[in-house]
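See structure below.
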Amino acid sequence: MPRGIAHDHSEKRAAIRKGAAAYFAAHGYDRASMTGAAKHCGVSKALIYHYYDSKEALLFDILDSHLATLVETVEAVETGPDYLRSLIHAILQNYRNADAEHKLQGDALETLPDTLRKPLLAIQRRLVDIMGRALQQASPNTLTNSSRLRPVTMTVFGMLNWFYMWHRPGKGLSREEYADLVTDMVLNGVKGLPD
């Protein structure tokens, strides 16, 4: 008779995702192994293979969970006069404690086969669309041109996505202060763009 799903199945998967993300990010996904991931997570290799049949499946689950949580976060931000600021704050808060997942998104996403990569790219496009709409709302007169909107949108993500590389908690700007800095730079910079 087949065994049922353990009551802590979701928690175990989440712990494996978190531990494996840290291991992959620290050692480089291409050089990392499932054996090493299991050791880093403090579980047996058999247990990690119980949840994931391949390193690619594990990477997909790490990235899918990270991006899905991010989309859920940004979709919950209420539109209003400070929508862009609220959105930038929400994204940076979501990135807190997700440096490894975020690093893997940039470093390892392209290593996945098309069938696994395409759904993740679709989630990324959704995030870009949401940010683009927030930028258009914040500066409707300047960002009506789509050839200008995409570069500005990607510039904002560039400022947010690299934060984890140089920020040290407790030193310099806080996450919240940086979110305000980015928002102010974007809003004031967009106003200075030629028509």
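Points worth noting:
- Kirkwood Rh in Å, taken over all unlike Cα pairs in the chain: 18.4
- The convex hull built on the alpha-carbon positions of segment 110-172 has an orientation-averaged projected area of 6.2 nm².
- Where trypsin sites (Lys or Arg not before Pro) fall in DSSP loop in segment 16-51, at most 15 other Cβ within 10 Å: Arg31
- Among the listed pairs Lys12/Lys103; Lys171/Lys191; Lys55/Lys118; Lys118/Lys191; Lys55/Lys171; Lys18/Lys103, those whose Cα-Cα separation exceeds 24 Å are Lys171/Lys191; Lys118/Lys191; Lys55/Lys171.
- Within segment 1-96, the proportion of Cα pairs with more than 24 Å between them is 37 percent.
- The chain: calculated mean residue ellipticity at 222 nm from DSSP helix runs of at least 4, using -39500 (n - 2.57): -23000 deg cm²/dmol
- GNM flexibility winner over the chain from Phe163, Phe24, Phe60 (Cα, springs under 10 Å): Phe163
- Candidates Arg126, Arg13, Arg148: whichever shows maximal mean-square fluctuation once the chain is modelled as a Gaussian network with Cα springs under 10 Å: Arg148
- Segment 37-82: radius of gyration over Cα atoms, expressed as a fraction of 2.2 N^0.38 Å: 1.72
- Spin-label zone in segment 29-59 - amide nitrogen under 11 Å from a point set 7 Å from the Cα of Arg13 along the C-beta vector: 51-52
- Note on exposure: His102, His40, His89, His50 ranked by accessible area (1.4 Å probe, complete protein assembly) read His50, His40, His89, His102, with the most exposed listed first.
- The apolar share of the surface of the chain, taken as the fraction of accessible area on carbon and sulfur atoms (1.4 Å probe, ligands and nucleic acids excluded), comes to 54 percent.
- Candidates Leu87, Leu116, Leu173, ranked by Gaussian network fluctuation over the chain, Cα under 10 Å, top entry: Leu173
- Ranked from largest to smallest solvent-accessible area, with a 1.4 Å probe on the protein heavy atoms, Arg168, Arg96, Arg85 come out as Arg168, Arg96, Arg85.
- Normalised contact order of the chain, rounded percent, pairs of Cα under 8 Å and 6 or more residues apart: 22
- Computed over protein heavy atoms with a 1.4 Å probe, the accessible surface of the chain works out to 56 Å² per residue.
The values are calculated or read from the model by the stated rules, or taken from the named source; none is laboratory data. Only a predicted model underlies this, so the values are computations on that prediction, with no experimental measurement involved. Cβ: placed from backbone, ideal geometry, glycine included. Neighbour counts: every protein chain shown. All accessible areas refer to the heavy atoms of the entire protein, side chains included, with ligands and DNA or RNA removed. Shrake-Rupley method; radii C 1.70, N 1.55, O 1.52, S 1.80 Å.
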